[in-house]
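Data first, discussion second: the structure below is written as structure tokens.
The values are calculated or read from the model by the stated rules, or taken from the named source; none is laboratory data. Keep in mind that this is a model prediction, so the values were computed, not measured. All Cβ positions, glycine included, derive from the backbone under ideal geometry; neighbour counts span all protein chains shown.
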Amino acid sequence: MAKADNKKIIAAWVAAFNRRDADEMAGFYAEDAVNHQVAQDPVKGRAAIRRMFAEEFAAADMVCLVENIFQDGDWAMLEWKDPLGLRGCGFFQLKDGKIVFQRGYWDKLSFLRQHGLPIK
């Protein structure tokens, strides 16, 4: 896919996230992709990323509301919020239409409290 499609890919990623579909989510990533949510350890590989999403969808009712999607070359940036007031952003490096690297910034403590999850 052309670089111009990166914003559309991230919009489709958000739609799959909001459907809570871990299998579909995994399909957006390259086989050796890395997803690093800075509040957690990096997750390496498509299969591990799929497991991460499946576990997170089972633990909490998450919704991603897009505020902005930007693009610069191979990178797409997502600014988001959720219905409970949490805000964050994600940076996605894409190659050949697949996410090869993702970094996300959000407040883990607020997330855990909002969802009644144990604070780790």
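Is there a residue being modelled with pLDDT of 95 or more, in contact with a helix residue (DSSP H, G or I) (Cβ under 6 Å, 6 or more places away or on another chain) and assigned to a helix (DSSP H, G or I) anywhere in the stretch 62-69? There is no residue in the stretch 62-69 that is modelled with pLDDT of 95 or more, in contact with a helix residue (DSSP H, G or I) (Cβ under 6 Å, 6 or more places away or on another chain) and assigned to a helix (DSSP H, G or I).
Does the stretch 15-56 hold any residues that are in a helix (DSSP H, G or I) and small (Gly, Ala, Ser), and which are they? Can you show your working first?
Filtering the stretch 15-56 down to residues in a helix (DSSP H, G or I) leaves 15-18, 22-26, 46-56.
Once the filter is applied, which keeps residues that are in a helix (DSSP H, G or I) and small (Gly, Ala, Ser), the stretch 15-56 yields ALA15, ALA16, ALA22, ALA26, ALA47, ALA48, ALA54.
Of the candidates ARG19, ARG46, ARG51, the single residue that is touching a Gly at 6+ places or on another chain (Cβ under 9 Å), free of Cβ contacts under 8 Å to residues at least 40 places away in the same chain and charged (D, E, K, R) is ARG46. ASP82 fulfils the conditions (1) among the acidic types (Asp, Glu); (2) surrounded by fewer than 15 Cβ atoms within 10 Å (Cβ to Cβ); (3) within 14 Å of the chain's Cα centre (by Cα) except for a single criterion, (2). Across the stretch 2-14, a minimum of one residue is classified as aliphatic (A, V, I, L, M), closer than 15 Å to LYS98 by Cβ and part of a loop (DSSP other than H, G, I, E, B). If only one of PHE17, PHE57, PHE28 is farther than 22 Å from ASP96 by Cβ, surrounded by 15 or more Cβ atoms within 10 Å (Cβ to Cβ) and under 13 Å from the mean Cα position of the chain (by Cα), which one is it? Sole residue among the options that is farther than 22 Å from ASP96 by Cβ, surrounded by 15 or more Cβ atoms within 10 Å (Cβ to Cβ) and under 13 Å from the mean Cα position of the chain (by Cα): PHE57. Among the residues of the stretch 31-46, those that are aliphatic (A, V, I, L, M) and surrounded by 14 or more Cβ atoms within 10 Å (Cβ to Cβ) comprise ALA33, VAL34, ALA39, VAL43.
Counting only residues that are in contact with a Leu (Cβ under 7 Å, 6 or more places away or on another chain) and touching a residue at least 24 places away in the same chain (Cβ under 8 Å), which one in the stretch 67-81 is farthest from TRP13 (Cα to Cα)? Within the stretch 67-81, the match that is farthest from TRP13 (Cα to Cα) is ASP74. Among the residues of the stretch 31-43, just one is free of Cβ contacts under 8 Å to residues at least 12 places away in the same chain and over 13 Å from the mean Cα position of the chain (by Cα), namely ASP41. The single residue among LEU94, LEU86 that is among the hydrophobic types (A, V, I, L, M, F, W, C) and modelled with pLDDT of 95 or more turns out to be LEU94. Of the residues making up the stretch 84-105, those that are assigned to a strand (DSSP E or B) and among the small types (Gly, Ala, Ser) are GLY88, GLY90, GLY104.
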